Amino acid sequence: MATDSQTTFEFLEAALESSLDGIILVNSQGRILSVNQSFRDMYGFGCCPLVGTTLEQFDQLACGCFHCADDRHDFLREIFNNDKGPLRREFHVQSPEERVISFYARPVVDREGNAQGRISIHIDITDERKRQHELEKANQHIREAQTQLAQSEKMASLGLLVAGIAHEINTPIGSINSNNDILIRAVSKMREFIECDQCPAEIRNHPEVVKIMGILESINQNNRVACERIIEIIRSLRRFARLDEAEWKKANILEGLDSTLTLVRHQLKNRIQVIKEYGVLPEIDCYPNQLNQVFMNILVNAAQAMPGKGVLRLKAWQEGAVVKISISDSGMGIPKENLARIFDPGFTTKGVGVGTGLGLSICYKIIQDHQGKIEVESDVGKGSTFTVTLPIQQGAS
Ligand SMILES: Nc1ncnc2c1ncn2[C@@H]1O[C@H](COP(=O)(O)OP(=O)(O)OP(=O)(O)O)[C@@H](O)[C@H]1O
Ligand SMILES: [Mg+2]
């Protein structure tokens, strides 16, 4: 009849074998006392004779059985050496199968507190990690979709707001501008009179008259520049808001890109080398004028980003149901903290009076209306690439 301790021993042995986690027991002489099948399966040991092996012998066997991305010697020391306290670690096995194993090892201590050996427990967390990774990816997708949604809602309400403001400002500025024209003509007539022979010399040369004429002319000139600037801003605002004026057409957008490039040539002068890599593109459904506006804004930005010499690379290609155009410059690049803001209306780094900060927000709106995408990649000091993706057929997806 089996003794109690024999039954307990057999039960413990069966329990070890039944565990889904890998378990390995090392005795106080540093030799393996027991190792279960789950451990063998995890690390590909098959039926290698492991019981009784020392760290060095185990290491030799391990070489032929599994490969790992982490330090194997560290791993072995954890399993065999009792000089370390309990520690949970992750171990990445590359072959015979890719696995992530979480394991911990600790001393086996008897009732008197003496260390009798070491136990380590190995849990295969490959699926858990995979699910975690998928969850992180899904979260990332959700965050991106939220940002896009927020961006398009912001653009839609801004369109309305901007149209209202542009309309309100347009009338008064029109009247200021035409009054300024009248003033300019009146002052120039006054100048003609002062300088003609009928005007007495004491009036012409009177210091007050000379001073006042100078002030009037300079104010008129400043007002003219200011009015032109406001009118240009209103024009941009209206383009931004009123994008429904043109008509849908089938068009070859490369013609538009090239004609726009011709318009900005003077900004590229002899300093910027233009490289074109155009594939064959089908005609696409679009508002050609609006796309030209997009190309213009991106090209002007690129030219402005390269104050000295540089390279402008234009690429166009088809990818299934869409066409893609990328415009790369070798300019100053965009700092990371600005990347999320460059499509915001009014965002500019070009200083007061130089940029209105509307160029890219107009591009964004136009491309959005075409059911397309505009993306940017940039490296500070190396340059930026704007990629526009447009469906060949509207409403096809
Ligand atoms: N190719 C580029 N290289 C570096 N920075 C760029 C580039 N394109 C855009 N940016 C940055 O994005 C900002 C916003 O561009 P956007 O075209 O909307 O406005 P802007 O050029 O400043 O003014 P506007 O186009 O109204 O004259 C720019 O001020 C600049 O900081
Ligand atoms: Mg611009």
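Laboratory data are not the source of any read-out in this text; all were calculated from the coordinates shown. Source: prediction; values computed, not measured. A quick note on method: Cβ atoms are made from the backbone with ideal geometry, for glycine too, and the neighbour counts reach across all protein chains shown.
Loop-located chymotrypsin sites (Phe, Trp or Tyr not before Pro) in region 214-304 (DSSP state other than H, G, I, E, B) with a sparse environment of at most 12 neighbouring Cβ atoms within 10 Å: 248.
Give me the percent relative contact order of region 1-151, please, defined on Cα pairs under 8 angstrom at least 6 residues apart. Write down the numbers at each step before the final one.
On the way: 221 pairs, mean separation 30.9, N = 151.
With pairs under 8 Å counted, the relative contact order is 20 percent.
Take the eigenvalues of the Cα gyration tensor for region 180-319, scale each by 5, and report the square roots as semi-axes in whole Å, largest first. Intermediate values should be presented prior to the final figure.
Details: eigenvalues 495, 78, 27 Å².
One finds semi-axes of 50, 20, 12 Å for region 180-319.
Short-range pairs are left out: with C-alpha atoms under 8 Å and at least six residues apart, the relative contact order of the chain is 9 percent. Residue exposure proxy: 269, 373, ordered by other Cβ atoms within 10 angstrom of their Cβ from fewest to most, comes out as 269, 373.
Using Cα-Cα distances under 8 Å and only pairs 6 or more residues apart, what relative contact order does region 296-377 have, in percent?
Working: 82 pairs, mean separation 18.3, N = 82.
Reported relative contact order: 22 percent.
Would you mind checking the tilt of helix 359-369 against the longest principal axis of the Cα atoms of the chain, expressed as 0 to 90 degrees and rounded to 10? Approximately 70 degrees, to the nearest ten. For the cross-link pairs 315/382; 249/382; 249/309; 130/365; 189/269, the ones whose C-alpha atoms lie over 29 Å apart are 249/382; 249/309; 130/365; 189/269. From most to least packed by mean Cβ count within 10 Å, the peptides 192-205, 172-185 give 172-185, 192-205.
What ranking of 392, 342 emerges when the number of other C-beta atoms within 10 Å of each C-beta is taken as an exposure proxy, fewest first?
Values: 392 17, 342 21.
Fewest-to-most Cβ neighbours within 10 Å comes out as 392, 342.
Spin-label pair residue 247-residue 56: with each label point 7 Å from Cα along the Cα-Cβ axis, the two points sit 9.0 nm from one another.
Find the Rg to Rh ratio for the chain, where Rh is the Kirkwood radius over alpha-carbon pairs and Rg uses the same atoms. Using only Cα positions, Rg/Rh for the chain is 1.32.
Which value at 222 nm does the chain reach when only helices count, each DSSP H run of 4 or more adding -39,500 (n - 2.57), with the total divided by all residues and rounded to the nearest 500 deg cm²/dmol? -17000 deg cm²/dmol, from helical runs alone. For the chain, the longest principal axis of the C-alpha atoms and the axis of helix 288-305 are separated by about 80°. Fully extending the segment from residue 289 to residue 112, taken as 0.36 nm per residue of separation minus the present Cα-Cα distance, adds 54.9 nm.
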